[in-house]
Amino acid sequence: DFLRRIFVANTKCKFSFKNHLAEIRTGEGKSIVLAVTATVLALLDFDVDIACYSEYLTDRDKGAFLFLFKAFGVVDHIQYNTFKKLCENILASQGDIRELVGNTILGNSTAQFSTSTTTATRHRILLGDEVDVLFGSNFFGKSYNVFTSLRGAEIPEIVALVNLIWKFRNTDKDSVWHKDIVPSSEYQACCKTFKDWSFLIENAAKRMLIDVRDVDHKVESVHPDFGIGYFDDDNVLTYKKRVGYKTMFAYMRENAKDKTNITDKQVLGAMDILVNAGVLSYAELPKLYSVTLGVSGTLQTLSSEENDLLNREYNIQERTIMPSAYPVVKSTDPFFTGRSGIDVIVSTSANFFENIAKEITTRISDHNGKKRAVLVFFKSEAVLEDFSSSTWFKDYAGSGLKLITKTPPSERGSIIERAAEEGRVTLLIAAYGRGTDFTYSNRELDERGGIHVIQAFLSEEGSEEIQIQGRTRRQGHPGTYSMVLNESDLEMGGITRADFAVIPHGKEIHQQILKYRTIQYGKKCIQRKELAEFKLIEHNESQELLKYLWDNNLSEVKKRIKGRNLAKVDFYGVVSRTIILLDATGSMHLFFNKCKTIVKEMLRRVGEILTEQKVSSGFEIQFVVYRNYTSKTKLLEASSWESDPEALSAFIDEAEISGGVGGNESIETAFWHVNKQIEKGEVTQVIIIGDQGPNTKNEIARLRDSLESDGLTGNQYWKQRTVFKDKTFYKDELAKISSKKIPIHARYLEDGNGGYPAKVPFEEFARDNGGSAAELKINQPKGAEQLTTLFAGGILRNIQTHSVNKPGVDLYNAYLLKHPESRDVGFI
């Protein structure tokens, strides 16, 4: 039926297409429909890209249907790829921008490549599996970043420079740059090798000098064959990911520890200079195809904002809802009632694991005490592992299974098959909640109610929740579902403790959760659209660069590459260092989306004013995100000191919004970090933004002492696993900051209850040290402008204050003249 609907015969008996999406229920053959549709399209002289969000599912389906493609002779015209791999293929089809940039820098003309290109004779069709994922938070509004690598294995001068910088890994003195790096023969030789591109060497060497200081940079895996590994955005372990130059130095660190773990050859392969060559916006992917088709199990759950996006931006107006191919399941147990305390259990952080264990015990047996199978889905691997190692899971630890990012592909199939066994408990990360088939033919398991699914987190998107529900009650089998939620999860959905506290035991709560989540998600969709528009500017600039590369227009190529690779790190003349403290708990999700859109613009404006006013004084920013003690090692995270918009934007983009339950947050830890930086002489002002006040002494003691993780409890955990070894109180830390005359500019937001619990403490922060306090109306029409001016204006005023040679004009007034739209949202 799907094939019939997407093919529309015209009067010339050829096929024309409209963009079209179909909903096929979970477990009812999406993979088969995609494979058959791709085969027919390939036979009609189209090239087909079948796109999936998961590498695991991509490999599985590609292997499963290879026989079909071979039988019809279309193997060369059908490709299974993740959305990221699609970007790779698109780059290659346009003429790989990385190769073109690399050859241009190395002095090879790009003109030679134009003669080898061929005009495509077949139109390309995008066929999406769970296509709604492309428009979700993991992709829409984000971009695929393109870097060219100048390989040290081929250029010995690069190796010499890297080895020189490695010697300074244990110093944080900026004077090293001028005294030891720039005059060195290694640096000068590298600049000479790339004489027309010496700005790239300056930029790379400065970035290396910053990254080499992170000697304890965390990696997820060190493998003797594959090298250094990280988790990617899909929580899949990959050995292809790079984290700036920190990965290169991680290779050198591990090699110094054990040459059998990381060989000299692997280290040499990691030594290179990275050149930022542009971006490809995920939001633009469908527009690069002749036609977009796709299937999903959750089309009917798309929000009005998402449907509007599909209609207006991508012209996907045709929809087909496929009925179920299986009879209605008859069961004495309801699938899900949504009632508080019955199958929606809201927990505090203290009893979260206890309630999960109780729910497992309750659900694993039927009314007659006979065993079922239970799947428990967690938001992250860290939470899963903490639960797995806790005393609450000890009764199932021997027989329990886990599906996590580190599960080898060779073992996944066996674990998935065994997960449906009677009496089996399987812990899984959320990524396995889409597309994983827990099939069985055990009639006795059906008689006991089938598989029970526990979701131990609140999905940001309703489609993910439905997908997880779809791991049971599939293909005519019975099944049930329940939720065990942490209070902090509800905050992410815009739900406060007061909202759910009034719902008595046994009453419907899930519809309330859906109502609040829908409102919150609608706001997030609007902000993601803003992010996508922001990324489109960079996307178009990258397409322009590609055009100039093909035209062999070296002056324009150099101009654009220089714009993306300017040495924005200043090791000399830095007079202003601003720490920006940001509350990164659940209620701040919308703020962070807004923040992502303004970081580069804020830095561009500051640089513009300094250039126009001929001010040579430098500045640096450090972003710090703070949460509360339930976030454990992620209680506080900090960027390096930067004036590079790419690096600062990357930190904000990757910051995880988590924790918090509508109460106070660990501002005392944030101030403790500020004082650590002051001890190094690195702070001239502080900006703090949040919607809650600091913890009380009693809250600090309770939250720290009650924590259990990695088999450790309370102070044992904090002293052995973190740098936050001792308790501290915000007033003590604030007094230290005030004694150094460091101003604090505090901006408080409205919280989820419509109040301002941060107002009084934030005014206290600013009171005694020349700071300022005011409300930040981030969700108002001029919220982005207010935030931009808060950062840009604050930095310019701080530079004015601390410059030895005072600028001839007031920098902040110059900013307001340049940006009159900022006048009524000024710094205050």
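The values are calculated or read from the model by the stated rules, or taken from the named source; none is laboratory data. Computed from a predicted model, the values in this text were never measured in an experiment. Glycine gets a Cβ as well: all are built from the backbone with ideal geometry, and neighbour counts include every protein chain shown. Areas reflect the complete protein model, heavy atoms only, side chains present, ligands, DNA and RNA absent. Shrake-Rupley method; radii C 1.70, N 1.55, O 1.52, S 1.80 Å.
Structure notes:
- So THR696, is it farther than 22 Å from ASN798 by Cα and modelled with pLDDT under 95: no
- Total residues in the range 227-264, condition in a strand (DSSP E or B) and either of a type outside the set (A, V, I, L, M, F, W, C) or over 21 Å from the mean Cα position of the chain (by Cα) (or both): 4
- In this entry, ALA431 passes the filter for residues that are under 30 Å from SER331 (Cβ atoms), open to solvent by 30 Å² or more (accessible area, probe 1.4 Å), part of a helix (DSSP H, G or I) and modelled with pLDDT under 90.
- Some residue of the range 152-175 being touching an Asp or Glu at 6+ places or on another chain (Cβ under 6 Å) and at pLDDT below 95: yes
- Members of the range 36-86 found to be open to solvent by 50 Å² or more (accessible area, probe 1.4 Å) and closer than 17 Å to ARG122 by Cα, listed by number: LEU43, LEU44, ASP45, GLY73, VAL75, ASP76, HIS77, GLN79
- Any hit, the range 746-761, residues being open to solvent by less than 60 Å² (accessible area, probe 1.4 Å), assigned to a helix (DSSP H, G or I) and hydroxyl-bearing (Ser, Thr, Tyr): no
- Residue in the range 771-785 that is in contact with a Pro (Cβ under 9 Å, 6 or more places away or on another chain), part of a loop (DSSP other than H, G, I, E, B) and not charged (D, E, K, R) present: yes
- Total residues in the range 797-828 satisfying the condition of being at pLDDT 90 or above and under 20 Å from LEU582 (Cα atoms): the figure is 1.
- Pairs linking a residue in the range 309-325 that is touching a residue at least 40 places away in the same chain (Cβ under 8 Å) to a residue that is part of a loop (DSSP other than H, G, I, E, B) and open to solvent by 60 Å² or more (accessible area, probe 1.4 Å), with Cβ atoms under 6 Å and 6 or more positions apart or on different chains, are GLU318/LYS18; SER324/ARG25.
- Matching residues, the range 329-341, being under 9 Å from LYS507 (Cα atoms) and open to solvent by 50 Å² or more (accessible area, probe 1.4 Å): ARG339
- Evaluation of PHE534 against (1) in contact with a Lys or Arg (Cβ under 9 Å, 6 or more places away or on another chain); (2) at pLDDT 85 or above (one fails), failing number: (2)
- Residues considered: LEU536, LEU549. Of these, the only one that is closer than 29 Å to HIS589 by Cα and assigned to a helix (DSSP H, G or I) is LEU536.
- Which numbered condition SER488 misses (of (1) surrounded by fewer than 22 Cβ atoms within 10 Å (Cβ to Cβ); (2) at pLDDT below 90; (3) more than 28 Å from CYS52 (Cα to Cα)): (1)
- Screening LYS727 with (1) open to solvent by 90 Å² or more (accessible area, probe 1.4 Å); (2) more than 29 Å from the chain's Cα centre (by Cα); (3) under 22 Å from ASN593 (Cβ atoms) gives one miss only, at (3).
- Exactly one residue among ILE468, ILE495 is closer than 28 Å to SER349 by Cβ, buried (at least 23 other Cβ atoms within 10 Å of the Cβ), at pLDDT 85 or above and among the β-branched types (Val, Ile, Thr), and that residue is ILE468.
- Pairs meeting the criteria (first residue in the range 796-819 and more than 21 Å from GLU682 (Cβ to Cβ), second residue open to solvent by 20 Å² or more (accessible area, probe 1.4 Å) and assigned to a helix (DSSP H, G or I), beta carbons under 6 Å, at least 6 apart or on different chains) are LEU811/GLN800; TYR812/ARG797; LEU816/ARG823.
Okay, residues lined up against (1) more than 24 Å from GLY27 (Cβ to Cβ); (2) modelled with pLDDT under 85; (3) assigned to a helix (DSSP H, G or I):
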residue	(1), (2), (3)
ASP61	no, no, yes
PHE67	no, no, yes
LYS70	yes, no, yes
LYS84	yes, yes, yes
ILE90	yes, yes, yes
GLY102	yes, no, yes
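- The listed residue being surrounded by fewer than 15 Cβ atoms within 10 Å (Cβ to Cβ), touching a helix residue (DSSP H, G or I) at 6+ places or on another chain (Cβ under 9 Å) and not charged (D, E, K, R), out of LEU545, LEU554, LEU536: LEU554
- Unmet criterion (only one of (1) out of contact with any Lys or Arg (no Cβ under 8 Å at 6 or more places or on another chain); (2) under 22 Å from THR801 (Cβ atoms)) for LYS777: (2)
- Leading residue by the ranking (surrounded by the fewest Cβ atoms within 10 Å (Cβ to Cβ)) among those in the range 190-226 that are assigned to a loop (DSSP other than H, G, I, E, B) and in contact with a Lys or Arg (Cβ under 7 Å, 6 or more places away or on another chain): VAL215
- Inter-residue pairs, beta-carbon under 8 Å, first farther than 15 Å from PHE378 by Cβ and in the range 333-361, second buried (at least 17 other Cβ atoms within 10 Å of the Cβ) and among the basic types (Lys, Arg), 6+ apart: PHE335/ARG473
- Residue in the range 265-284 that is in a loop (DSSP other than H, G, I, E, B), touching a helix residue (DSSP H, G or I) at 6+ places or on another chain (Cβ under 8 Å), of a type outside the set (Lys, Arg) and farther than 17 Å from ILE158 by Cβ present: no
- For SER587: the one exception among (1) touching a Gly at 6+ places or on another chain (Cβ under 8 Å); (2) under 30 Å from VAL804 (Cβ atoms): (2)
- The set of residues in the range 468-500 being more than 23 Å from SER631 (Cβ to Cβ) and part of a helix (DSSP H, G or I) consists of ILE468, GLN469.
- Scanning the range 215-226 for residues that are under 21 Å from the mean Cα position of the chain (by Cα), under 24 Å from LEU648 (Cα atoms) and in contact (Cβ under 8 Å) with a residue 12 or more places away in the chain yields HIS217, VAL219, GLU220.
- When residues of the range 801-816 are limited to those that are open to solvent by 10 Å² or more (accessible area, probe 1.4 Å) and touching a Ser or Thr at 6+ places or on another chain (Cβ under 9 Å), the one nearest to PHE591 (Cα to Cα): LEU816
- Subset tally (residues that are open to solvent by 10 Å² or more (accessible area, probe 1.4 Å) and modelled with pLDDT under 90) for the range 136-151: 7
- Comparison of ARG577, ARG560 shows that the only residue that is more than 23 Å from TRP197 (Cβ to Cβ) and touching an Asp or Glu at 6+ places or on another chain (Cβ under 9 Å) is ARG577.
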